[in-house]
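FYI, it's all coordinate maths here, none of it is from the lab. These figures come from a predicted structure and were not determined experimentally. Glycine also receives a Cβ, built like all others from the backbone with ideal geometry; neighbour counts cover every protein chain displayed.
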Amino acid sequence: MKLRADIVDMLRNGAHQQDIMRTLHVGANLVVSHREALRLPAPKRGGRPLRPIKEEFHARTEPVDGGHLRWTGYYANGVPKLGRQGGSISAYRIAFGLAHTREPVGHVIPGCGHPKCVEPTHLEDQTMRLQLRTQLASIFGGTP
């Protein structure tokens with residue numbers, strides 16, 4: 001069997017099989033046959049360790065005018081999501097957790113008026129919205 005130099009180089013440099021497949025546009029069987037021909041050990045099961053969620057979150061955002069943060073990751077049903085361990089988590093909930101020392105209550109939404117903003121300090125949960133309505137009602141009258 002003739003071995004491809006690019007696959008051999010990546011295998012010898014410790015690249016993960018998925019990275020080789022994605023980079024060189026080759027199938028798993030080709031990578032496995034190269035690894036076996038080189039007598040390299042099979043990859044360990046379990047994949048890569050997870051990056052901290054804060055890093056994952058910030059890797060999918062970009063700042064925009066006005067101090068807002070735009071989500072560049074994927075959306076599901078109009079909500080920014082971060083894929084994690086086979087599931088997905090709302091980017092709003094992640095961002096809220098980065099700015100506050102408690103878990104959010106109810107839906108987390110941007111309170112700044114900028115659509116889909118994920119800046120942690122711009123997000124509000126149900127408790128914060130109720131508190132704001134109560135304060136406004138006490139100032140201007142009415143019910144919260």
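Structure above, values below:
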quantity	calculated
Computed [θ] at 222 nm, helices only, for the chain once each DSSP H run of length n ≥ 4 contributes -39500 (n - 2.57)	-11500 deg cm²/dmol
Semi-axis lengths (Å, descending) of the ellipsoid that matches the C-alpha gyration tensor of the range 30-114	37, 15, 12
Most to least packed among 55-63, 21-29 [average Cβ atoms within 10 Å]	55-63, 21-29
Full-extension gain in nm, residue 131 to residue 18, via 0.36 nm per residue minus C-alpha separation	35.8 nm
Point-charge dipole on Cβ atoms (K/R +1, D/E -1) for the chain, about Cα centre, debye to 20	600
Which labelled figure in (i) 23.2, 83; (ii) 18.5, 62; (iii) 14.1, 51 is Rg and Dmax of the Cα atoms in Å, once derived from the coordinates	(i)
